[in-house]
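Here's the structure, in structure tokens; my notes come after.
Readers should treat all values here as calculations from the given coordinates under stated rules, not as data from a laboratory. Note that the structure is predicted; figures quoted are calculated from it, not measured. Methodologically, a virtual Cβ is constructed for each residue, glycine included, from the backbone with ideal geometry; neighbour enumeration extends over all protein chains shown.
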Amino acid sequence: MGGVKRHITLLVCICALYAAIILPFTRSMRSKPFAEKLGALPTVATLKFLSADQRLFVGSSLVMKVIIYFGGLTERAKNRIIIPPDYPAMSRTIHTAVKLDPYNSDAYYFAQAFLTWDARQFAIANDLLREGMKYRTWDWQLPFFIGFNYGYFLKDYRNAAHYYKKAAELSGQELYASLAGRYLQEAGQTDQAIAYLEIMAKGARNPVAKRSFFIRLTAFKRAKLVEDARDAFRKRKGRLPSSVAELVDGGFLAMAPVDPYGGEFFIAPDGSVGTTSKFAFKGSGGQSRDKGGAQQ
């Protein structure tokens, strides 16, 4: 009986000692900033050699390592992390993973998330996505991401239009084609936008989408009227017109074209033609929608 009591007493003491050590340690770890490092990587050639026929597994492991690392930083943000994320290391790791497994969709989608919104490395993100397009030839999301990066972040409407068109071709989604047309116009390529939208409007299967294309096509054709009048004015006067009204007063336009989206056409100081509607109907929640319900 005495031996049993001694064992129970010893067990209680051990549990108390464990609690005295582990609880403060746990509290300390919870409040400690997350400072895990991704570390250096061997060269791609070395990894390919070492991984042999397990390249896909190694590539996926690298992607998961970055996701866990970044997720850890996010989870511990409430603890006032003072060490910024190592974006260059994250980028290198993702690029290495793609070299090992170029078909891993998580690599591209996660890179799009942190390289653009967080790291602001738009060119690096687009390079990675273009690399993915060589392999994931069916994946419309990759050119869609690139188009978004060009249009939203870089204001490069020419390239935005190009990649949105590619996304439309791969997905069959008229919305992306409509975005392509919008960016083509904003890039000053109104003729191309008109030609492109005429094809898309005729081929659209959804009635609402078809109507959306025709409305945008009408708006672009009217913008082209202003552009033609602007060019005629400049040829005759040797300068740019200051406004659409000046074109009407000078007889270069019979009347100011009506924007079907409800805006007003204008001539910017650099001579480009735009509209206050930005070629979209204003809807609730800050989104632009056609009256027929098609989102722009």
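For this structure, a couple of remarks:
- P(r) weight above 16 Å for segment 142-232, C-alpha pairs, percent: 50 percent
- Once the Cβ-Cβ distance of Glu169 and Lys237 is raised to the sixth power relative to R0 = 51 Å, the FRET efficiency obtained is 0.75.
- Measuring against 26 Å, Cα to Cα, the residue pairs Lys202/Lys235; Lys166/Lys202; Lys65/Lys99; Lys134/Lys202; Lys202/Lys224 contain Lys202/Lys235; Lys134/Lys202 as the ones spanning a longer distance.
- Förster radius 22 Å - calculated FRET efficiency between Phe57 and Tyr109, Cβ distance, rounded to 0.05: 0.70
- Loop trypsin sites (Lys or Arg not before Pro), segment 168-252, which have at most 14 other Cβ atoms in a 10 Å radius of their Cβ (DSSP): Arg205, Arg239
- Under 5 Å from the amide H of Leu253 lie the amide H atoms of Val248, each residue being 5 or more positions distant or on a separate chain, with H modelled from the backbone and absent for Pro and chain starts.
- Simple spin-label estimate for Ala245 and Tyr135 in nanometres, 7 Å along Cα-Cβ: 5.9 nm
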